[in-house]
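Participant: Handing you a structure now.
The values are calculated or read from the model by the stated rules, or taken from the named source; none is laboratory data. Note that the coordinates shown come from a computational prediction; the quantities given were computed from them, not determined experimentally. Heads up, the Cβs are rebuilt from the backbone with ideal geometry, glycines too, and the neighbour counts pull from every protein chain shown.
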Amino acid sequence: KQEVTQIPAALSVPEGENLVLNCSFTDSAIYNLQWFRQDPGKGLTSLLLIQSSQREQTSGRLNASLDKSSGRSTLYIAASQPGDSATYLCAANTNAGKSTFGDGTTLTVKP
Amino acid sequence: NAGVTQTPKFQVLKTGQSMTLQCAQDMNHEYMSWYRQDPGMGLRLIHYSVGAGITDQGEVPNGYNVSRSTTEDFPLRLLSAAPSQTSVYFCASRPNSGSEAFFGQGTRLTVV
């Protein structure tokens with residue numbers, strides 16, 4: 001059974017800092033991995049999707065990496081802003097479309 | 001651009017009542033899923049579907065039924081609501097297993 005862990009559970013940084021969020025998974029036979037953002041009381045917004053054959057994906061200030069062999073993915077946020085404050089979730093997906101989510105990292109960026 | 005639409009947004013049920021949570025997508029996506037989100041337990045998969053007429057159980061299917069008669073709709077039925085089903089429910093869709101998932105805004109359900 002796939003298990004996904006996100007560390008740390010919460011993170012507080014001053015504005016402008018670069019930061020890394022971690023996601024680890026126990027079963028390396030994933031099809032792809034997706035990072036989401038969730039604002040309080042809202043649904044999930046997709047940030048980045050990395051296929052199992054890829055090493056990284058970039059979108060603006062966000063960069064996600066994937067190392068299947070070690071069961072790890074990281075989300076790098078450059079030059080953080082208060083608007084980046086949210087909960088960040090990763091999901092490991094099988095080729096049958098089943099997703100296993102981590103519990104998330106709650107990020108607070110202080111002005 | 002409706003995307004994934006869930007109704008209702010909020011619902012209060014009495015123990016033992018039944019109801020259906022609606023989920024509709026207008027993107028012609030084959031894959032659809034239902035999750036529940038509880039504090040400290042993340043999102044857990046209830047049921048999922050890889051196309052019209054095909055459904056399968058996820059991690060926590062007990063107490064819930066689904067059907068997929070059309071590509072657009074994937075309703076979730078609570079047969080006899082219990083307080084343990086108090087949660088926020090999310091529906092998601094994706095074109096295929098290699099594509100990103102899109103989520104609805106959620107239904108906050110309270111069972112008293």
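Participant: Just the residues that are within 17 Å of A:THR100 (Cβ to Cβ), surrounded by fewer than 16 Cβ atoms within 10 Å (Cβ to Cβ) and under 15 Å from the mean Cα position of the chain (by Cα), please, taken from region B:19-43.
Facilitator: B:ASP38 - this is the single residue of region B:19-43 that is within 17 Å of A:THR100 (Cβ to Cβ), surrounded by fewer than 16 Cβ atoms within 10 Å (Cβ to Cβ) and under 15 Å from the mean Cα position of the chain (by Cα).
Participant: Filter region A:86-111 down to the residues that are free of Cβ contacts under 8 Å to residues at least 60 places away in the same chain and surrounded by fewer than 19 Cβ atoms within 10 Å (Cβ to Cβ) and list them by number. Steps first, please.
Facilitator: Step one: list which residues in region A:86-111 are free of Cβ contacts under 8 Å to residues at least 60 places away in the same chain, which gives A:86-87, A:96-98.
A:ALA96 - this is the single residue of region A:86-111 that is free of Cβ contacts under 8 Å to residues at least 60 places away in the same chain and surrounded by fewer than 19 Cβ atoms within 10 Å (Cβ to Cβ).
Participant: From the list A:LEU75, A:LEU11, A:LEU66, A:LEU62, pick out the single residue that is within 21 Å of B:PHE90 (Cβ to Cβ) and modelled with pLDDT of 95 or more.
Facilitator: Numbers: A:LEU11 fails: within 21 Å of B:PHE90 (Cβ to Cβ); A:LEU66 fails: within 21 Å of B:PHE90 (Cβ to Cβ); A:LEU62 fails: within 21 Å of B:PHE90 (Cβ to Cβ).
The conditions single out A:LEU75.
Participant: Would you check which residues across region B:71-87 are crowded, with 19+ Cβ neighbours inside 10 Å and part of a strand (DSSP E or B) and list them?
Facilitator: Result: B:LEU76, B:LEU78, B:SER87.
Participant: Run A:GLU3 past the list (1) more than 12 Å from every other protein chain (Cβ to nearest Cβ); (2) out of contact with any Lys or Arg (no Cβ under 8 Å at 6 or more places or on another chain); (3) exposed (fewer than 14 other Cβ atoms within 10 Å of the Cβ) and report the number of the one that doesn't hold.
Facilitator: (1)
Participant: Same structure again: Quickly run through region B:43-71 and pick out the residues that are more than 11 Å from every other protein chain (Cβ to nearest Cβ) and among the polar types (S, T, N, Q).
Facilitator: Taking region B:43-71 as the starting set, the residues that turn out to be more than 11 Å from every other protein chain (Cβ to nearest Cβ) are B:46, B:52-53, B:55, B:60-71.
Passing the criteria: B:THR55, B:ASN62, B:ASN65, B:SER67, B:SER69, B:THR70, B:THR71.
Participant: If you take just the strands (runs of 3 or more DSSP E) that sit entirely in region A:1-107, which of them hold at least 2 residues that are touching a strand residue (DSSP E or B) at 6+ places or on another chain (Cβ under 6 Å), of a type outside the set (Ser, Thr, Tyr) and closer than 30 Å to B:HIS47 by Cβ?
Facilitator: Working: elements: A:4-7, A:10-14, A:19-25, A:32-38, A:44-51, A:56-59, A:62-67, A:72-77, A:86-93, A:99-101.
It comes to A:4-7, A:19-25, A:32-38, A:44-51, A:62-67, A:72-77, A:86-93.
Participant: Right, here's the next one. Looking only at region B:14-43, count every residue that is farther than 19 Å from B:VAL66 by Cα and assigned to a strand (DSSP E or B) and tell me the total.
Facilitator: 2
Participant: Also: Can you name the residue in region B:46-55 that is in a strand (DSSP E or B) and surrounded by fewer than 21 Cβ atoms within 10 Å (Cβ to Cβ) and is also nearest to the chain's Cα centre (by Cα) among such residues? Break it down stepwise before answering.
Facilitator: Quick first cut of region B:46-55, residues in a strand (DSSP E or B) only: B:46-51, B:54-55.
With surrounded by fewer than 21 Cβ atoms within 10 Å (Cβ to Cβ) added as a condition, the list becomes B:50-51, B:54-55.
Working: B:VAL50: 14, B:GLY51: 15, B:ILE54: 15, B:THR55: 12 Å.
Among residues in region B:46-55 that are in a strand (DSSP E or B) and surrounded by fewer than 21 Cβ atoms within 10 Å (Cβ to Cβ), the one nearest to the chain's Cα centre (by Cα) is B:THR55.
Participant: Kindly indicate which of B:ARG68, B:ARG94 is surrounded by 14 or more Cβ atoms within 10 Å (Cβ to Cβ), among the basic types (Lys, Arg) and without any contact (Cβ under 8 Å) to a residue 60 or more places away in the chain. Lay out the reasoning, then the answer.
Facilitator: Values: B:ARG94 fails: without any contact (Cβ under 8 Å) to a residue 60 or more places away in the chain.
Just a single option satisfies the conditions, and that option is B:ARG68.
Participant: Here is a list: B:GLY63, B:GLY104. Which entry is on the phi > 0 side of the Ramachandran plot and either more than 14 Å from the chain's Cα centre (by Cα) or of a type outside the set (Lys, Arg) (or both)? Talk me through it step by step, then tell me what you get.
Facilitator: Numbers: B:GLY104 fails: on the phi > 0 side of the Ramachandran plot.
The unique qualifying residue is B:GLY63.
Participant: Restricting attention to region B:23-42, does a residue exist that is in contact (Cβ under 8 Å) with a residue 60 or more places away in the chain and more than 14 Å from every other protein chain (Cβ to nearest Cβ)? Don't jump to the end; show me each part of the working.
Facilitator: Restricting attention to region B:23-42, the residues satisfying the condition of being in contact (Cβ under 8 Å) with a residue 60 or more places away in the chain are B:23, B:25, B:27-33, B:37.
If we keep only those that are more than 14 Å from every other protein chain (Cβ to nearest Cβ) as well, we get B:28.
Within region B:23-42, one or more residues are in contact (Cβ under 8 Å) with a residue 60 or more places away in the chain and more than 14 Å from every other protein chain (Cβ to nearest Cβ).
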